Amino acid sequence: MRPRTTSPDKEAGWLSCRTCGVSIRERVLKRGESLRCKRCGEVVMIHRTDDSFHASCALGMTGVCMALLANVYPIMTFAVAGNTQSNLIITGGQKLIDQGYWPISVLVIFCAIAAPALYFASVAYVSACCLGWKLPAGRFALHVAGFMESWSLIPVFAIACVVAVVKLDMIGTVAWKVGIGWIVLLAAVSLGLSRVFDEDSAERRLEGRP
Ligand SMILES: [Zn+2]
């Protein structure tokens, strides 16, 4: 679980450990310092500066560009009995619709395409707001980022692709294409962004609090 900088009883200057629930006194941290729960060792607070918003803004914009590239380039080609098919991320969703599984198709397309793109875009937008850009609806974008983070399953999709290739290789010939590279990089950016971007810090900044 990601370390936070505030908690429900933050008004009193106390943090709650999200793992074990023990109350921990909030402190002013220096660069590189973090506050850990004495009971379970969970990191409950880490030092953040404008640097983290610069990083999350850059990673968010990088993620949007990579999401575009990952959707444009084929992930793999699959050849069986003389037929060769090129597969994009959306191909799986289309096949599910063809087979009548449209609710699952909508879920796959949302988690693999829409949610990651909206997550990266909203984090970049909120980070830009936190860095002083006068942009409207920063709080709304923060809510979107929080919601989309849970539904953005690009790292899971990257692993699923590898597992699928192992299975497909038993019945035909599979060749990796450049799209898989973008998906792996996108998964790395997604994991990095979830470490760098902190919703509570962003909320404080948007409200003009320290
Ligand atoms: Zn704890």
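Quick notes on this one:
- Complete set of residues in segment 21-62 that are touching a Pro at 6+ places or on another chain (Cβ under 7 Å) and either away from the ligand (no atom under 16 Å from the Cβ) or β-branched (Val, Ile, Thr) (or both): Val43, Val44, Ile46
- Residue match in segment 178-185 (condition: surrounded by fewer than 18 Cβ atoms within 10 Å (Cβ to Cβ), in contact with a Leu (Cβ under 7 Å, 6 or more places away or on another chain) and not hydrophobic (A, V, I, L, M, F, W, C)): no
- Among residues of segment 153-165 that are over 18 Å from Leu193 (Cα atoms) and assigned by TED's automatic domain parsing to the domain that holds Ala175, those with a beta-carbon under 7 Å from a residue that is surrounded by 13 or more Cβ atoms within 10 Å (Cβ to Cβ) and at pLDDT 85 or above at least six positions away or on a different chain give the pairs Cys161/Ile75; Cys161/Ile180; Cys161/Ile183; Val165/Met76; Val165/Val174.
Yes/no matrix, rows are residues, columns are (1) assigned to a loop (DSSP other than H, G, I, E, B); (2) modelled with pLDDT of 85 or more:
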position: Cys129; (1), (2): no, yes
position: Leu142; (1), (2): no, yes
position: Gly146; (1), (2): no, yes
position: Glu149; (1), (2): no, yes
position: Ile171; (1), (2): yes, yes
position: Val174; (1), (2): no, yes
position: Gly192; (1), (2): no, yes
position: Asp200; (1), (2): no, no
position: Gly208; (1), (2): yes, no
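- Residues that are open to solvent by less than 50 Å² (accessible area, probe 1.4 Å) and of a type in the set (S, T, N, Q), drawn from segment 124-163: Ser127, Ser152
- Residue within segment 2-9 that is at pLDDT 80 or above and open to solvent by less than 60 Å² (accessible area, probe 1.4 Å) present: no
- Selection within segment 93-124 - in a helix (DSSP H, G or I), more than 21 Å from the chain's Cα centre (by Cα) and of a type outside the set (Val, Ile, Thr): Gln94, Lys95, Leu96, Asp98, Trp102, Pro103
The values are calculated or read from the model by the stated rules, or taken from the named source; none is laboratory data. Computed from a prediction, not measured in an experiment: that's the story for all the values here. Because the Cβ atoms are built from the backbone with ideal geometry, glycine has one as well, and the counts that use them run over all protein chains shown. Remember, those area values only see protein heavy atoms, side chains included, never the ligands or the DNA or RNA. Shrake-Rupley method; radii C 1.70, N 1.55, O 1.52, S 1.80 Å.
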